[in-house]
Structures are given as C-alpha cells and as structure tokens.
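Following: one structure in structure tokens, then a few remarks.
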Amino acid sequence: MNQEIITRAAELINSKAEYKAGGMEGYAALSLIDDSGYPSATTFCINKADGINWLTFNTAINDRPYAERISKNNKACVCINSSGYTINLVGTVEALTDAKTRKENWLPFFNDGVHWSGPEDPNLLILRFTTERYTITFADDGSFAAGNL
C-alpha cells in the first residue's frame, strides 16, 4: 500500500515541476533552520523533481543567505499540500552553484530575463533537497503512508 501512495505522490510532484502547473499549484514550502536555530519556511516553485526522492528550487544568491544557512545546518523539510493532499518530506538540502547543475536546472521559462540572465548568471542558486523520510496523506480516500527512503 505504501508504494501505491508514494507513486501517487511522485506523479503529483512531477506534474508540478518545471512550472507545468503554473500559479500556486507548483509551489512547495521549504523549511530551513535559521541563525537562531528555528525553522523558517519559504515557498518556491518546484524546478525539477524525481518524485519524492529529490526536488530542486531556484533562487537568487543575493535574495537571502540560504547558502550560508545551509552550510551551518542542512536539515530541511518540504511540504506540498492542498485541500486534497499533504506531502511532507524531511531530509537535507544543498546549495549548488556549479555550471553543470545550473545548466541542468535552467528552464525556458527563465529566458524572460526577469530573474536571471542565463544559467551562467552568478546570482543563480540551486537548492537541491534530498528526502530521507516522508509522510503522505490523501484526503479523497484517506490513504496515508509514512516511512524512510
């Protein structure tokens, strides 16, 4: 039963990645630990995903000190929810700026020049979240799964 729920959650997450869903449908809340040791959540569009295994988010280096916070404590949580489901993923996050990762995470949507000038833009930061454990609930049928990856 867990595998069926995981597969359903993976399909849902993948359908929202790469800005396919548009609007608020493609957002996830990423919680990081702040300088005071407390969790702090920010919503991001899901850039790329491999189901519940990993997700990436794009942000600007100069927006907030994400890379600095992650270097101090890389524990994180991602929550994707609506009235029909809650997908809670707990794991670790990396702040990546290497050319290969930037290129892999560049989407045609970004070519508008509003966010970044291109995958080489020095202000482009990729946050890669890797899941260690999960809790998934679907309201329509009451299905629930929790476990470790």
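Is it the case that some residue within the stretch 47-63 is touching a Phe, Trp or Tyr at 6+ places or on another chain (Cβ under 6 Å), among the aliphatic types (A, V, I, L, M) and within 24 Å of N123 (Cβ to Cβ)? Checking the stretch 47-63: at least one residue is touching a Phe, Trp or Tyr at 6+ places or on another chain (Cβ under 6 Å), among the aliphatic types (A, V, I, L, M) and within 24 Å of N123 (Cβ to Cβ). Of everything in the stretch 89-118 that is within 18 Å of A17 (Cα to Cα) and part of a loop (DSSP other than H, G, I, E, B), the residue that is modelled with the lowest pLDDT is H115.
Is it true that I70 is more than 10 Å from the chain's Cα centre (by Cα), under 19 Å from A146 (Cα atoms) and either among the small types (G, A, S) or surrounded by 15 or more Cβ atoms within 10 Å (Cβ to Cβ) (or both)? Spelling it out, it is not the case that I70 is more than 10 Å from the chain's Cα centre (by Cα), under 19 Å from A146 (Cα atoms) and either among the small types (G, A, S) or surrounded by 15 or more Cβ atoms within 10 Å (Cβ to Cβ) (or both).
Within the stretch 43-83, which strands (runs of 3 or more DSSP E) (wholly inside it) include 2 or more residues that are without any contact (Cβ under 8 Å) to a residue 60 or more places away in the chain and small (G, A, S)? Filter on the stretch 43-83 gives 75-82. Please find, within the stretch 118-149, the residue that is farthest from the chain's Cα centre (by Cα) out of those that are small (G, A, S) and surrounded by 13 or more Cβ atoms within 10 Å (Cβ to Cβ). Restricting to residues being small (G, A, S) and surrounded by 13 or more Cβ atoms within 10 Å (Cβ to Cβ), the top hit is S143. Whether a residue is charged (D, E, K, R) and within 19 Å of the chain's Cα centre (by Cα) was assessed, and E94 passes this test.
Contact map, the stretch 28-42: residues that are more than 26 Å from E18 (Cβ to Cβ) paired with residues that are among the small types (G, A, S) and assigned to a strand (DSSP E or B), Cβ distance under 6 Å, separation 6+ or inter-chain. Pairs shown: D34/S40; P39/S31.
The values are calculated or read from the model by the stated rules, or taken from the named source; none is laboratory data. Because the structure is predicted, anything quoted here is derived from the model rather than measured. Note: ideal-geometry Cβ built from the backbone for every residue, glycine included; neighbour counts use all protein chains shown.
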